[in-house]
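Working notes for the structure below.
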């Protein structure tokens, strides 16, 4: 599928996978609406991509775990872009600890951002896709949504739930020509992973954000008659 002149909204776009996704789509001539909590990250990316690729790059700093902020950000971006052909729900946080040791407020914060944030943004974008009977939604989940591990109860719960949300949404919107895809990367060499205490390995061997972006791009470029339901991506040899 040709992507040039399409419009995409990306959450968590300021750093890591989100930034790599923005760059990859900009190279294809896609106009961008970028959401993240840190305005300075978005402003830097806006200047870089707009100047380099000659596309529209609009930004909306927001905390998507708050429904009103998520809805306002989407409304602003679609109002200025004119449409939303692609939505990539990438925003997420990670924190680990045993179920008993982890503070309930931290546990809930992970669920609110990783799951509820995705729900709020999707709920705001979806009516526009339904109206034109077309669209692509990519939810960046994790291999942590396929298998649990000690100290990962909050993060795994959020990603298991995200896969369930993705599957259910897919069944709701397929007949409206809307494709819904889940990406399930293993550990990616990002600031988020490092701060969460994950072993990210050598940079030349560990999965990079650009690898995940390349996979997302491949799913979007498939002919509209087909889609990838779930796409996993793993580091070949992280040791």
Problem - Long-range neighbours under 6 Å by Cβ, at least six apart or interchain, first residue within 12 Å of residue 19 (Cα to Cα) within the range 210-223, second modelled with pLDDT of 95 or more and in a helix (DSSP H, G or I) - result: 210/20; 212/17; 213/20; 213/21; 213/24
Exercise for the section: With the condition kept exactly as written, say whether any residue in the range 161-177 is assigned to a loop (DSSP other than H, G, I, E, B) and modelled with pLDDT under 95. Expected result: no
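Name the residues in the range 125-153 that are in contact with a strand residue (DSSP E or B) (Cβ under 9 Å, 6 or more places away or on another chain) and assigned to a helix (DSSP H, G or I), would you? Working first, answer last.
Going residue by residue through the range 125-153, those that are in contact with a strand residue (DSSP E or B) (Cβ under 9 Å, 6 or more places away or on another chain) are 125-126, 128-130, 133-146.
Listed by number, the residues that qualify are 125, 126, 128, 129, 130, 143, 144, 145.
The values are calculated or read from the model by the stated rules, or taken from the named source; none is laboratory data. On a predicted model such as this, the values are computed, not experimentally measured, just so you know. Heads up, the Cβs are rebuilt from the backbone with ideal geometry, glycines too, and the neighbour counts pull from every protein chain shown.
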